1. Can you pull out every residue in the stretch 44-92 that is touching a Ser or Thr at 6+ places or on another chain (Cβ under 7 Å), closer than 14 Å to Leu32 by Cα and not aliphatic (A, V, I, L, M)?
2. What's the total number of residues in the stretch 108-148 that are surrounded by 17 or more Cβ atoms within 10 Å (Cβ to Cβ) and either among the aromatic types (Phe, Trp, Tyr) or at pLDDT below 80 (or both)?
Amino acid sequence: MGEDGTTPGERLIQTTVALDGDGSVIAQARHLAADFLARVQSAHGLPVSQRAMDLTQLVVSELVTNARKYAPGPVLLDLKIAGDLVEVVVWDSDPVLPVARAADAGRVGQHGLEIVMAVAQGFEAQREPVGKRITARIALADDPGGAVTGLPPQ
């Protein structure tokens, strides 16, 4: 396996962008995610379900919103195809790792991380030398058995 996570003969399909500015970067990030997955389908012939397209945009929106809300400075968004998954990676300058709060139907707001963890096949948060990196993985294709995908409830 190479340094970029690919096996020999496998090509790396990835895009990275620095987002800086006001709240409009959240919409920009969603559009970037949709465009990236559309290119994955058209240029690389990989299947991307409508569900994957929608969930990827939702995850990007939630993670970039949190980064803009809680961390000063720019945010890096990295989208990468890893086998049959799309990896959404968001880096920000705040070293504090996010913690999903206990479910509370009466709470207004602050459900973003719960949502991401519910729809992702994988989730991790790690500190970096500067800031933190949040990674969520989403299946490109719908489950053929019709099962709801995502992390099991804890």
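1. Residues satisfying the conditions are Asp78, Glu87.
2. 1
The values are calculated or read from the model by the stated rules, or taken from the named source; none is laboratory data. These numbers come from a predicted model, not from an experiment. Note that we place each Cβ from the backbone using ideal geometry, even for glycine, and neighbour counts take in every protein chain shown.
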